[in-house]
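S.K.: One structure is given below, represented as structure tokens, and several questions about it will come after.
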């Protein structure tokens with residue numbers, strides 16, 4: 001069996017009609033940094049902006065994937081289509097890893113209204129953040145009503161979910177002491193909604209109170225709703241979905257959704273440009289004697305690091321570095 | 001009383017002789033992104049590279065500052081001078097916050113062989129990562145034998161301590177479930193030494209075994225030493241210092257220290273250049289109609305984000321963006 005070769009037009013049409021094989025091929029091209037994938041997203045971009053993008057973050061092991069699985073089931077029950085992009089390397093959202101009690105997630109793989117894709121395995125030529133954004137845009141263009149983006153930690157991963165999501169859900173569980181401390185210390189940004197999963201755990205209520213007292217210090221309109229959930233039995237999943245919906249509707253009503261998306265997009269574009277610039281430095285150092293010369297001078301303590309940075313900005317990026325401070 | 005104005009020569013001389021007021025002024029200039037601070041570090045950089053740089057990372061609340069305080073006491077007892085740079089906003093290493101049982105840390109402020117500085121409070125024009133690097137270089141140039149750099153989390157802060165440190169110490173405590181999960185999932189990089197602080201806690205031994213079984217999967221030469229400590233009573237602090245020393249000596253013996261420093265420096269220079277490039281975009285967008293035009297096209301869904309990135313790389317940074325993949 002030979003692998004089918006897709007033309008750009010076929011891919012555009014295939015993604016627009018949410019054809020599974022077209023989506024699969026499109027996201028693989030995105031992961032490979034294939035030139036075709038850039039053309040594809042360029043074509044489809046005007047059709048995006050319709051999906052509700054929900055970022056789901058939290059430390060590994062708290063049950064993010066199970067909770068997304070339960071939310072997908074609930075949202076499908078409401079007649080809405082769903083896409084899932086997982087950029088958590090420890091996520092079970094890859095066909096190979098769907099074992100044990102997670103097998104129920106596999107049901108969704110057969111539902112034509114659901115498309116699930118894990119981004120944890122390939123090379124990502126343009127970086128994982130780029131690939132994630134492109135995959136989300138493809139699912140949006142495919143007409144998915146809701147797109148969940150699963151990422152690890154808050155700032156612990158390369159991908160900052162806040163840059164693409166309309167609503168950020170933080171999932172914790174009893175034992176998530178480090179995350180609670182990080183919220184308390186103001187190091188982790190306060191999300192839009194918090195789920196404390198594994199509500200049967202004896203320490204769940206204590207954690208709820210602790211988290212509640214921390215977010216009580218935030219301004220009223222920025223105070224997230226906090227829910228106790230049990231992903232595997234689906235407990236409080238409808239309530240969680242309602243909280244996510246309410247957040248988005250609240251944003252949309254008074255124009256904040258547009259403003260948030262605008263500032264997210266600008267920040268995302270600048271951040272991706274900076275990543276590209278850094279990747280350019282890494283890949284060109286081998287062929288660029290001037291760049292190697294600068295690094296050698298730093299290693300030999302003849303040129304200090306920030307003078308080297310300034311030289312690179314001026315000579316490689318053609319920026320006047322002194323103007324920036 | 002008027003504030004003393006320092007000339008560059010006075011600052012160079014003052015830092016070289018570890019004058020406290022000169023160091024204080026120099027680091028304040030670094031924090032302000034003052035042009036004088038760049039000249040100062042440029043002058044002093046050839047004198048750096050002598051200090052042992054120990055990065056101390058871990059979630060907030062595990063006792064990193066107390067442990068550094070205890071290590072400082074131990075290292076001073078060995079007759080060595082010490083600098084501490086704290087980039088943890090929740091750290092008590094600021095004069096105002098030295099209360100309760102932390103008062104003992106204040107003793108070190110009076111010891112002329114110790115210089116402690118918290119970086120959590122000011123504007124940091126060039127970014128916190130730049131300011132931290134510059135402060136570490138100043139303490140190194142001031143002849144401190146050991147420089148501790150305290151940062152929050154692994155990847156949770158803007159500053160990646162691995163980029164400047166010879167040795168990375170991860171501090172955990174019973175309850176650090178999220179960090180243990182992150183280590184297990186391979187999301188958090190395995191450090192050089194691990195301290196499980198608050199060893200009196202009933203769950204300390206369980207955590208020790210859990211962490212031990214995780215790092216057992218690493219290659220033997222990358223397997224960190226793990227110690228139970230009790231910072232406030234100084235328990236196992238000499239042993240912890242010995243583990244940190246052994247790590248560095250082991251690296252130095254077979255040339256790995258030089259290689260690590262070389263690749264750290266290159267990565268740090270590239271990362272700072274990328275941050276500068278991003279800051280340049282953020283600050284110039286207000287005055288640059290072309291850049292605003294690009295962002296407007298993205299917002300209006302006429303130009304997709306990665307085409308915008310490509311335009312920015314080509315037009316603002318004068319890079320040929322198509323060559324990088």
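Please treat every number below as a calculation from the coordinates, not as lab data. From a predicted model like this one, the values you see are computed outputs, not experimental measurements. Here the Cβ positions follow ideal geometry from the backbone for every residue, glycine too, while neighbour counts run over all protein chains shown.
S.K.: Copy-to-copy spacing for residue B:284, label 7 Å out on the Cα-to-C-beta vector, in nm, shortest first?
M.R.: Its label point is 1.4 nm from the equivalent points in the other copies.
S.K.: For the stretch A:1-93, what is the convex hull (Cα atoms) projected area averaged across all directions, in square nanometres?
M.R.: 7.7 nm²
S.K.: Do you know the relative contact order of chain A, to the nearest whole percent, from alpha carbon pairs under 8 angstrom that are 6+ apart?
M.R.: This gives 18 percent for chain A.
S.K.: Another question about this same structure. Show me the three semi-axes of the equivalent ellipsoid for the stretch A:195-293, from the C-alpha gyration tensor (sqrt of 5 times each eigenvalue), largest first, rounded to whole Å.
M.R.: Output for the stretch A:195-293: semi-axes of 42, 21, 14 Å.
S.K.: Moving on. Across peptide A:51-59, how many C-beta atoms of other chains are within 10 Å of each residue C-beta, on average?
M.R.: Shielding by partners across A:51-59 averages 1.
S.K.: Turning to a different aspect of this structure: So how do B:167, A:151 line up by other beta-carbon neighbours within 10 Å, fewest first?
M.R.: Taking fewest neighbouring Cβ atoms as first place, the list is B:167, A:151.
S.K.: Follow-up. Can you give me the convex hull volume of the Cα atoms of the stretch B:256-325, divided per residue and expressed in Å³?
M.R.: Considering the Cα atoms of the stretch B:256-325, their hull volume per residue is 107 Å³.
S.K.: To continue, here is another question. Per the Kirkwood formula on distinct C-alpha pairs, the Rh of the stretch A:130-259 is how many angstrom?
M.R.: Over the stretch A:130-259, the inverse of the mean reciprocal pair distance is 15.8 Å.
S.K.: Over the stretch B:188-278, calculate the relative contact order: mean separation of alpha carbon pairs under 8 Å at least 6 apart, over the residue count, as a percent.
M.R.: Relative contact order here is 26 percent.
S.K.: Give, in whole angstrom and from largest to smallest, the semi-axes √(5λ) of the equivalent ellipsoid of the protein assembly as shown, with λ running over the eigenvalues of the Cα gyration tensor.
M.R.: Values for the protein assembly as shown, descending: 42, 31, 22 Å.
S.K.: Follow-up. From the Cα gyration tensor of chain B, with a ≥ b ≥ c the square roots of its eigenvalues, which class applies: rounded if a/c is under 1.5, or else prolate if a/b is larger than b/c, or else oblate?
M.R.: Judged from the Cα gyration tensor, chain B comes out oblate (a/c at least 1.5, b/c at or above a/b).
S.K.: Rounded to two decimals, what ratio of Rg to Rh does the stretch B:4-57 give with C-alpha atoms and a Kirkwood Rh?
M.R.: 0.99
S.K.: Would you mind telling me the antiparallel percentage of the DSSP bridges in chain A, rounded to 5?
M.R.: For chain A, the DSSP antiparallel bridge percentage is about 5.
S.K.: Please give, to one decimal in nm, the separation of the simple spin-label points placed at residue A:203 and residue A:36, each 7 Å out from Cα toward the Cβ.
M.R.: 5.0 nm
S.K.: Defining the label point at 7 Å along Cα→Cβ, can you sort the distances from residue A:302 to the same site in each other copy, shortest first, in nm?
M.R.: 5.1
S.K.: Hey, with R₀ at 60 Å, roughly what FRET efficiency would residue B:28 and residue A:20 work out to, going by the Cβ-Cβ distance, to 0.05?
M.R.: Efficiency computed from Cβ-Cβ geometry: 0.50.
S.K.: Quick one: work out the % antiparallel among DSSP beta bridges in the protein assembly as shown, nearest 5.
M.R.: Roughly 5 percent of the DSSP beta bridges within the protein assembly as shown come out antiparallel.
S.K.: Continuing with this model, one more query. What nm distances, shortest first, do you get from the label point of residue A:260 to those in the other copies when the point sits 7 angstrom along Cα to Cβ?
M.R.: Computed spacing set for this position: 4.3 nm.
S.K.: Would you please classify the overall shape of the stretch B:205-252 from the alpha carbon gyration tensor, given that a ≥ b ≥ c denote the square roots of the eigenvalues, rounded means a/c under 1.5, and beyond that prolate means a/b larger than b/c while oblate covers the rest?
M.R.: It is oblate, given that a/c is not under 1.5 and a/b is not larger than b/c.
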